[in-house]
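The structure appears right after this line, and notes come after that.
The values are calculated or read from the model by the stated rules, or taken from the named source; none is laboratory data. If you're wondering where the values come from, they're calculated on a predicted model, not measured in any experiment. Using ideal geometry, Cβ is built from the backbone for each residue, glycine included, and neighbour counts are taken over all protein chains shown. Surface areas here come from the heavy atoms of the whole protein model, side chains and all, with no ligands, DNA or RNA. Shrake-Rupley method; radii C 1.70, N 1.55, O 1.52, S 1.80 Å.
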Amino acid sequence: MLSHQPWYHGNITRSTAEDLLSKAGKDGSFLLRDSESIQGAYALCVLRSFLFISLQASEGVPIRFFSVLPDLVETYYKENMGLVTHLQYAVQKEEEPEEEPEPCSLPPQLPPRNITSNECKDGHSDSSRGTDRGTELARPSISDTYIQRLQQIDISNLPEDHQKSIQEYFRSSVCVDAEQAQNGNPTLPHFKKLTQSICKNLNSEIARTLPSLEALQKVLDQPLSPGVGRLRSQLSGDATQSVAFRLEQLTKLIYSIEDKTKNAVFDSVGYDGGHRKSLIPPVTFEVKCDSLGISNKMYLKVDVEGGKVYFKKSKDGPEDKYFVHNKILQLVKSQKMHNRLVLVVETEKEKTQRKDFVFDDTKKREGFCQLLQQMKNKHSGKPEPDMITVFVGTWNMGNANPPPNITPWFQSKGQGKTHDDTASQIPHDIYVIGTQEDPLGEKEWIETVRGALRDITNISYKQIATQTLWSIRIVVLAKPEHENRFSHVFCDSVKTGIANALGNKGAVGVSFMFNRTSFGFVNSHLTSGSEKKLRRNQNYVSILRFLNLGDKKLNPFDITHRFTHLFWLGDLNYRVDLPAQEAENIVMKIKLQQYQDLLARDQLNIEKEEEKVFLDYEEEEITFAPTYRFERDTRERYAYTKAKATGTKYNLPSWCDRVLRKSYPMAHVVCNSYGCTNDIMTSDHSPVFATFDVGVTSQFVSKNDLSKDAEGAIKIMNCVAVLLTKSKTKFFIEYHSSCLEKFVKSPEGENQENTDGSIKVRFSGQVELTPIIADPEYLLDQHILICIKSTDCDESYGEGCVALRSAESSYTEFSIKLAHHGECTGLLTGGIQLPKSDGKQTEKLYDFIKVGDDPGSGKGKSGDNTKINNQSDRGPGSIMSPRTGSSSGHSSKDMTHGNISPKKTSYDHATPSPTTKTSNPISEDGQTPEMFENPLYGSMSASRGSKDHLPPPDAHFAFSKTDLDADRQPPVPTPRIRSFTCSETKPQSSSVTNTMSSGLQPQNITKKPVVPSRSEGGTTGPNRPPVPMKSRPGQPQELQPKPRDYRDSSELPSKLRLQTRSGQPKDGMITIVYSTHSFFVQNTRSGSRNSSVN
């Protein structure tokens, strides 16, 4: 078998193979791995130093056939067989350390084989029946196993006859059922007899209750539905049906009655509800408004269903003054005061008025904004939505049944960034729930979740998809009105348990299209144990490579690039990396809510910053306590010690349960909540929730004259790639997009020498991509996926994504990070140009809420005088303005994400949409606005612990401007308004600062403290972090240094280049792809093929 061959390394990645050959460092070193591009094929990788020239042949190589791989390897051990150098030294496969078996929740156990009822009654088997069955006989019988479990449970409160029935069944009858199952009768007759005995009273109660429900059904359903008679016969006439089935049918009947009653009531009052839509009750907010410099109290009443906002001077005052939903043009959130909001309303035709309000606290303002957003969506009149809300939840249930009430989880109530009570009744469009160590059956759990959502929203959510791997499960539910908007639903799972064969650890995933927007969700349960960080990293890579979701046409890309929006949730099991002796100090810091000190030692944060896992994923700021490991039935104590035979094991309190996301650049996504519950305590984990506003697209309908076909192409030019590889093969680029009929290949690039184990490839000329719809408005919502491949084996050396919206106004240069299988593999720069647009873009609903400076006194249509910070303009494409030339000095975070989270600059939820055109944010006093502290979360300056003093930038990849762009023809500059996300007064040094996950932050910036609102200025609640100090009136503020514009640097980001090993030769790689159909070798030095075998 191949697994026993020392040179066969299985499904290792190409980059791992290069590292192993580099470590070997000898000419003729080789290994064989699975091909990444061809299913069932293999790649033979050979090392050749540049110091040697071997005899080569590019023509005349005889065709050879090999039935098994060892024959192929044996043949090419000989010299002059067509390879640039013959095989000499097999690189041995590195042995992985044996994994300790960890406690796992196994799937339902099958009965022991060859078991008899007599053996069960005796409680043991004769050990003299042969040594070949020794292992099986050593296992306790099924009867003994369940009797032991029964003895550990207190059943004294059960009826005496029930106790006897249960004990008798597990002593003897279970073995009879097992024997019958082995002989082909899976009905478990004795178990049925037991349940019928226990549920005897329940059966009679069903028979007594059913006629009453049927009478109610008849009143509501005229003429009588023929299904009712069938249902009654199933429930009462057939005594052989199980109690579970009868209860399920009874439950369906009750739901049907509820639906009919709701519809009848809605019809009677003229409410066009369609499906069972939620009725959000009116909500009143107490606010302050300034009139002639005097602060007055007033009340805003939001009627979502009626589509009106009432302005009242007293809570019970008249409701004669109001604005209808279409007269409320925009909401503008203040960055300086997180409880301040401006409403831009239309008073007369083409005349607007700005109304400035101050809420009690930030949560109240966010609740008001969410209600108005819901009102605008409900009454927009658009046939298809362009924004939806998504709930993502993860919970390790600890193999325990959930409590009766789990609604706080779905209402985002508890610790952290939570929803205000005023917004807790707003139903989300999609609910994605991931569980681990889930003891319930699939149907039971889904009905539990649907029942909880029905209690909150009054909606019967539809099941879109579910996938289960042992006790790991993901469920997707959606509003009934969205059911027909889902398509291309796929589910898959990957095992990462011991030897990647057990499903106690692994991942389940679901993907689908919502209209024209692709979504992916992954729920994973990774290896546990504080010391097994590297194994968790391997789990992540395995899931990334082998989880088969999404569009199969995007085969070169893994799941990180297949979806517009990808959410990764689950019990990731990364721990706080501190010694066990620090347990008490950790608990004390948690009580004091000093989370940032602990998050600085969080393994996931550290691994992300070192780009080992979750490359360029975003996570909302954590402001809640660690979710593991609690003492069950309380949330006051952490049970961080566990007695084992080998000694005491420590499980320090940690943030094991997480929700991360990755979206295409400049796609609209905003996190509205991220936290955990306080009152669901059946498990040693707390459930975690996160909610998002997500931009979506639908079938495009052009507003232009259809008689005039739009013409034009997407032009991509002047591309230069720097790849982290020692291979000297030739490369080309593949361009993929849903706006193209098929992918497009570029001509071969020209390789140029580079240092430090990388190669620079220049793709000269211009590639024109012809879209299926050339309307510029359609193209602005599209993305181009880029894959750089080798010509010899068609394997990918890096993938990335460019947003076409970045080139909205003119030719624009981009700089994107390339990644492959979760590793950073290089950098690509180039230019992009779209067909010109003369029409006005359609406004998106998510443009309704903006984030801006404190408003001035000017008036304008739709808030023209508001200075908006468009954070989405920073983007991965890390797009550069034409005025910046070919500068490429972006942080690694800026290079790949246009959907920068608003968490790092303020608490404001509504990130301005990518469609907004912005101006430089200058405040009224002529100074640029500063980055402000978040009074809800505490000081930003301490938000990353030891990260306040950032390390100096890495020298790798610090190319000069001429190094990357010496041969590039500069485009004709076109003026473009640029937006900034930081204040600026003085320029900083030209070095690129290696930023944290929060994006680019200048060093040594003095921030003004914020004056908290009155509700936040007093004592902090038990679950709220400390409030920053108030600023003293009249005290002069220190001037801020001007942070350098991150687009004005010619440096490239660090962390994209491997460290050069001391004394390491410059090596070349030969890659051979072999399958049952073909086998070829690329001469990596000359570019000619030396051998071809069919």
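Could you name every one of the strands (runs of 3 or more DSSP E) located completely within the stretch 407-471 that has at least 2 residues being open to solvent by 10 Å² or more (accessible area, probe 1.4 Å) and touching a Leu at 6+ places or on another chain (Cβ under 8 Å)?
On the way: elements: 415-417, 430-436, 462-469.
Passing ranges, in order: 462-469.
Just one of the numbered conditions (1) surrounded by fewer than 23 Cβ atoms within 10 Å (Cβ to Cβ); (2) at pLDDT below 90; (3) touching a Ser or Thr at 6+ places or on another chain (Cβ under 8 Å); (4) not basic (Lys, Arg) is not true of Glu753; which one?
Only one criterion is unmet by Glu753, namely (3).
It is to be established whether one or more residues within the stretch 469-482 are more than 24 Å from Pro403 (Cα to Cα) and out of contact with any His (no Cβ under 6 Å at 6 or more places or on another chain).
Within the stretch 469-482, the first condition is being more than 24 Å from Pro403 (Cα to Cα), and the residues that meet it are 479-482.
Subset that is out of contact with any His (no Cβ under 6 Å at 6 or more places or on another chain): 479, 482.
Yes, some residue in the stretch 469-482 is more than 24 Å from Pro403 (Cα to Cα) and out of contact with any His (no Cβ under 6 Å at 6 or more places or on another chain).
Filtering the stretch 1-23 down to residues that are hydroxyl-bearing (Ser, Thr, Tyr) and outside any loop (DSSP other than H, G, I, E, B), which residue is surrounded by the fewest Cβ atoms within 10 Å (Cβ to Cβ)?
First pass over the stretch 1-23, keeping only residues hydroxyl-bearing (Ser, Thr, Tyr): 3, 8, 13, 15-16, 22.
Filter once more, so that each one left must be outside any loop (DSSP other than H, G, I, E, B): 3, 8, 15-16, 22.
Working: Ser3: 7, Tyr8: 19, Ser15: 17, Thr16: 17, Ser22: 18.
Ranking the qualifying residues of the stretch 1-23, first place goes to Ser3.
Please enumerate the residues belonging to the stretch 764-790 that are assigned to a strand (DSSP E or B) and polar (S, T, N, Q). Explain how you work it out, then say what you get.
First, the residues of the stretch 764-790 that are assigned to a strand (DSSP E or B): 764-769, 771, 783-790.
Hits for the stretch 764-790 are Ser764, Gln766, Ser790.
Kindly check whether there is at least one residue in the stretch 118-136 that is closer than 30 Å to Thr468 by Cβ and either open to solvent by 50 Å² or more (accessible area, probe 1.4 Å) or at pLDDT 60 or above (or both). Even if it seems obvious, please write down each step before you answer.
Applying the first criterion (closer than 30 Å to Thr468 by Cβ) to the stretch 118-136 yields 135-136.
Those still in the list that are either open to solvent by 50 Å² or more (accessible area, probe 1.4 Å) or at pLDDT 60 or above (or both) too: 135-136.
Yes, that holds for at least one residue.
Can you name the residue in the stretch 24-34 that is within 23 Å of His4 (Cβ to Cβ) and in contact (Cβ under 8 Å) with a residue 40 or more places away in the chain and is also most open to solvent (accessible area, probe 1.4 Å) among such residues? Break it down into steps so the answer makes sense when it comes.
Here is the first cut: in the stretch 24-34, the residues within 23 Å of His4 (Cβ to Cβ) are 24, 28-34.
Add one more test, that the residue is in contact (Cβ under 8 Å) with a residue 40 or more places away in the chain, and what stays is 24, 28-32.
Details: Ala24: 42, Gly28: 0, Ser29: 2, Phe30: 0, Leu31: 0, Leu32: 2 Å².
By that ranking, first place goes to Ala24.
How many residues, within the stretch 382-401, are among the acidic types (Asp, Glu) and either within 23 Å of the chain's Cα centre (by Cα) or open to solvent by less than 10 Å² (accessible area, probe 1.4 Å) (or both)?
Filtering the stretch 382-401 for residues among the acidic types (Asp, Glu) gives 384, 386.
Next cut, either within 23 Å of the chain's Cα centre (by Cα) or open to solvent by less than 10 Å² (accessible area, probe 1.4 Å) (or both) only: 386.
The total comes to 1.
Take the residues of the stretch 295-308 that are assigned to a strand (DSSP E or B) and not hydroxyl-bearing (Ser, Thr, Tyr): which is modelled with the lowest pLDDT? Can you show your working first?
Initially, the stretch 295-308 is screened for residues assigned to a strand (DSSP E or B), giving 295-303, 308.
If we keep only those that are not hydroxyl-bearing (Ser, Thr, Tyr) as well, we get 296-298, 300-303, 308.
On the way: Asn296: 88, Lys297: 92, Met298: 92, Leu300: 95, Lys301: 94, Val302: 95, Asp303: 93, Lys308: 94.
The extreme case among them is Asn296.
State whether the residues of the stretch 287-294 include one that is in contact (Cβ under 8 Å) with a residue 24 or more places away in the chain, in a loop (DSSP other than H, G, I, E, B), surrounded by fewer than 20 Cβ atoms within 10 Å (Cβ to Cβ) and of a type outside the set (Lys, Arg). Don't jump to the end; show me each part of the working.
First, pick out the residues of the stretch 287-294 that are in contact (Cβ under 8 Å) with a residue 24 or more places away in the chain: 287-290.
If we keep only those that are in a loop (DSSP other than H, G, I, E, B) as well, we get none.
No, the stretch 287-294 contains no residue that is in contact (Cβ under 8 Å) with a residue 24 or more places away in the chain, in a loop (DSSP other than H, G, I, E, B), surrounded by fewer than 20 Cβ atoms within 10 Å (Cβ to Cβ) and of a type outside the set (Lys, Arg).
Of all the residues that make up the stretch 710-756, how many are assigned to a loop (DSSP other than H, G, I, E, B), more than 32 Å from the chain's Cα centre (by Cα) and among the small types (Gly, Ala, Ser)?
Pass one, the stretch 710-756, residues assigned to a loop (DSSP other than H, G, I, E, B): 710-713, 724-726, 728-730, 737-739, 741-743, 746-749, 753-756.
From what is left, the residues that are more than 32 Å from the chain's Cα centre (by Cα) are 710-713, 726, 728-730, 747-749, 753-756.
Now narrow it down to the ones that are among the small types (Gly, Ala, Ser): 710, 712-713, 749.
Here the count works out to 4.
Yes or no: Leu578 closer than 29 Å to Val390 by Cα and either at pLDDT 95 or above or in contact with a strand residue (DSSP E or B) (Cβ under 9 Å, 6 or more places away or on another chain) (or both)?
Numbers: closer than 29 Å to Val390 by Cα: no; either at pLDDT 95 or above or in contact with a strand residue (DSSP E or B) (Cβ under 9 Å, 6 or more places away or on another chain) (or both): yes.
The answer is no for Leu578.
Which one of these is of a type in the set (A, V, I, L, M, F, W, C), in contact (Cβ under 8 Å) with a residue 12 or more places away in the chain and not assigned by the TED database to the domain that holds Ile784: Leu549, Leu534? Steps first, answer last, please.
Numbers: Leu534 fails: in contact (Cβ under 8 Å) with a residue 12 or more places away in the chain.
Result: Leu549 is the single residue among Leu549, Leu534 that is of a type in the set (A, V, I, L, M, F, W, C), in contact (Cβ under 8 Å) with a residue 12 or more places away in the chain and not assigned by the TED database to the domain that holds Ile784.
Any residue at all in the stretch 553-570 that's open to solvent by 40 Å² or more (accessible area, probe 1.4 Å) and among the hydrophobic types (A, V, I, L, M, F, W, C)? Spell out the reasoning first.
Filtering the stretch 553-570 down to residues open to solvent by 40 Å² or more (accessible area, probe 1.4 Å) leaves 553, 555.
If we keep only those that are among the hydrophobic types (A, V, I, L, M, F, W, C) too, we end up with none.
No; the residues of the stretch 553-570 include none that is open to solvent by 40 Å² or more (accessible area, probe 1.4 Å) and among the hydrophobic types (A, V, I, L, M, F, W, C).
Given the options Thr729, Thr725, name the one that is at pLDDT below 95, within 20 Å of Phe557 (Cα to Cα) and in contact with a strand residue (DSSP E or B) (Cβ under 7 Å, 6 or more places away or on another chain). Don't jump to the end; show me each part of the working.
Numbers: Thr729 fails: within 20 Å of Phe557 (Cα to Cα).
Just a single option satisfies the conditions, and that option is Thr725.
Could you name every one of the helices (runs of 4 or more DSSP H) located completely within the stretch 548-645 that has at least 2 residues being within 23 Å of the chain's Cα centre (by Cα)? First the steps, then the outcome.
Numbers: elements: 583-591, 595-599, 603-609.
Where helices (runs of 4 or more DSSP H) fall fully within the stretch 548-645 and carry at least 2 residues being within 23 Å of the chain's Cα centre (by Cα), they are 595-599, 603-609.
Hey, any hits in the stretch 690-703 for a residue that's among the aromatic types (Phe, Trp, Tyr), surrounded by fewer than 19 Cβ atoms within 10 Å (Cβ to Cβ) and outside the structural domain of Ala807 (by the TED database)?
First pass over the stretch 690-703, keeping only residues among the aromatic types (Phe, Trp, Tyr): 692, 700.
From what's left, surrounded by fewer than 19 Cβ atoms within 10 Å (Cβ to Cβ): 700.
In the following step, the residues that additionally are outside the structural domain of Ala807 (by the TED database) were identified as 700.
Checking the stretch 690-703: at least one residue is among the aromatic types (Phe, Trp, Tyr), surrounded by fewer than 19 Cβ atoms within 10 Å (Cβ to Cβ) and outside the structural domain of Ala807 (by the TED database).
How many residues are part of a strand (DSSP E or B) and surrounded by 24 or more Cβ atoms within 10 Å (Cβ to Cβ) if we restrict to the stretch 791-811?
First, the residues of the stretch 791-811 that are part of a strand (DSSP E or B): 796-803.
If we keep only those that are surrounded by 24 or more Cβ atoms within 10 Å (Cβ to Cβ) too, we end up with 798-803.
Qualifying residue count for the region: 6.
Residue by residue, here is whether (1) farther than 30 Å from Glu160 by Cβ; (2) aliphatic (A, V, I, L, M); (3) modelled with pLDDT under 80; (4) touching a Cys at 6+ places or on another chain (Cβ under 8 Å) holds:
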| position | (1), (2), (3), (4) |
| --- | --- |
| Pro186 | yes, no, yes, no |
| Phe191 | no, no, no, no |
| Cys199 | no, no, no, no |
| Leu202 | no, yes, no, no |
| Ile206 | no, yes, no, no |
| Lys218 | yes, no, yes, no |
| Ser225 | yes, no, yes, no |
| Ser233 | yes, no, yes, no |
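Could you please give the count of residues in the stretch 512-547 that are of a type outside the set (Ser, Thr, Tyr) and assigned to a loop (DSSP other than H, G, I, E, B)? Give the derivation first.
Taking the stretch 512-547 first, the residues of a type outside the set (Ser, Thr, Tyr) are 512-516, 519-523, 525-526, 529, 531-539, 541, 543-547.
Subsequent filtering for residues that are assigned to a loop (DSSP other than H, G, I, E, B) retains 515-516, 526, 529, 531-532, 547.
So the count comes out to 7.
Quickly run through the stretch 788-813 and pick out the residues that are on the phi > 0 side of the Ramachandran plot and at pLDDT 90 or above.
The answer is Gly798, and nothing else.
Just one of Thr209, Thr187 is of a type outside the set (D, E, K, R) and farther than 23 Å from Ile254 by Cα; which is it? Give the steps one after another, and end with the answer.
Values: Thr209 fails: farther than 23 Å from Ile254 by Cα.
Checking each option against the conditions leaves just Thr187.
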